[in-house]
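A quick write-up on the structure given underneath.
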Amino acid sequence: MAIKNQITMRIRSLSENVGIARVSAAAFAAQVDFTLNEIEEIKVAVSEAVSNAVIHGYEYQDGEIEITMTLYEDQLEYIIVDHGKGIADIALARQPSYSSDPERMGLGFAFMESFMDELYIESEINKGTLVRMVKKTLLTTEH
Amino acid sequence: MNIVTSLKRGVLLVKVEGELDMHVATEFRETVDNALESSGVKHVLFNLEAVKFIDSSGLGVLLGRYKKISGLGGIMSATQIQPQVLQIFELSGLLKIIKLYHSEKEALECL
């Protein structure tokens, strides 16, 4: 699949950067004919993935998060990578209402899954986590 | 995020402006909890007209406040919720526990 456009961002694992990440994700998505609602969905999904890296991956400690946004002919892909503590049980973490914190809803992965067309998670303890999310773009008819 | 609390007819009114994510979660929680304690009231109405974004971190704070408020025997409700925020409320199941109103006036008349 040919890459039409790509941006890679490296951010520190700070809560203030979660907003910057999702706004960047929305700006990148704006080059495709998405509806405003679809752009909002992308913002939530990216916000969840980056929040997870800050909260769970690095446990609020300093670290680096890499966000790669790629536009292909028929899809938009977001890859969020951290080098934090990793997820012990991915299947368990993906279940709605699973959270290691009582004040949290444990809906992070559920939102990523509902709002994107594909969600792939790869993680290794003490190595880090990779989250890959894909949103299909509408196939535009040629004139 | 900007958050203003006031008292109206024995209801704690919380007007929130901005994006409710993990960056503001602690401040949001503490402001509401402090206002609840200092006012001594038990019903809380959130005005969400100026909330343009919420994710699971913001929802978590609302859920935590719901547990606290219902523990006090109070009712938690919200008004002027924006469509994108409403979608998140629906998906999370929060709509089952929070009553929504069109306006502050309508909410205060019902509480």
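Observations, loosely collected:
- For the stretch B:2-110, the fraction of alpha-carbon pairs lying more than 20 Å apart is 30 percent, rounded to a whole number.
- Cα Rg over Rh - the stretch A:3-136, Kirkwood: 0.95
- If the segment from A:VAL23 to A:GLU73 were pulled out straight at 0.36 nm per residue, it would be longer than the present Cα-Cα gap by 15.8 nm.
- About the Cα centre, charge dipole magnitude for the stretch A:1-41 (Lys/Arg +1, Asp/Glu -1 at Cβ), debye: 320 debye
- Gap separating the Cα centres of the stretch A:17-86 and the stretch B:23-96, nearest whole Å: 25 Å
- Karplus (6.51, -1.76, 1.60) ³J(HN,Hα), θ = phi - 60°, over the stretch B:25-30, in Hz, Gly and Pro reported as x: 4, 5, 5, 4, 4, 5
- Considering only A:ALA45, B:VAL51, B:LEU63, the residue lying farthest towards the positive end of the dipole of the protein assembly as shown is B:LEU63, judged by Cα position with unit charges set on Cβ.
- Think of each Lys and Arg Cβ as +1 and each Asp and Glu Cβ as -1; about the Cα centre, that makes the dipole of the stretch B:2-110 roughly 420 debye.
- By accessible area with a 1.4 Å probe, ligands and nucleic acids excluded, highest first: order of A:ILE125, A:ILE79, B:ILE98: A:ILE125, A:ILE79, B:ILE98
- Of the residues A:LEU119, A:VAL18, A:GLY108, the one whose Cα sits farthest toward the positive end of the charge dipole of chain A, with +1 on the Cβ of Lys and Arg and -1 on the Cβ of Asp and Glu, is A:VAL18.
- Across the options B:GLY74, B:ALA25, B:ILE3, the greatest Cα extent toward the positive end of the charge dipole of chain B (unit charges at beta carbon of Lys, Arg, Asp, Glu) belongs to B:GLY74.
- Counting only lysines at least 8 places from B:LYS52 when in the same chain, those with an alpha carbon closer than 30 Å to its own are A:LYS43, A:LYS135, A:LYS136, B:LYS8, B:LYS15, B:LYS42, B:LYS67, B:LYS68, B:LYS96, B:LYS99, B:LYS105.
The values are calculated or read from the model by the stated rules, or taken from the named source; none is laboratory data. Owing to the predicted nature of the structure, the values given are computational and were not obtained by experimental measurement. Neighbour counts run over all protein chains shown; Cβ positions are idealised from the backbone, glycine included. All accessible areas refer to the heavy atoms of the entire protein, side chains included, with ligands and DNA or RNA removed. Shrake-Rupley method; radii C 1.70, N 1.55, O 1.52, S 1.80 Å.
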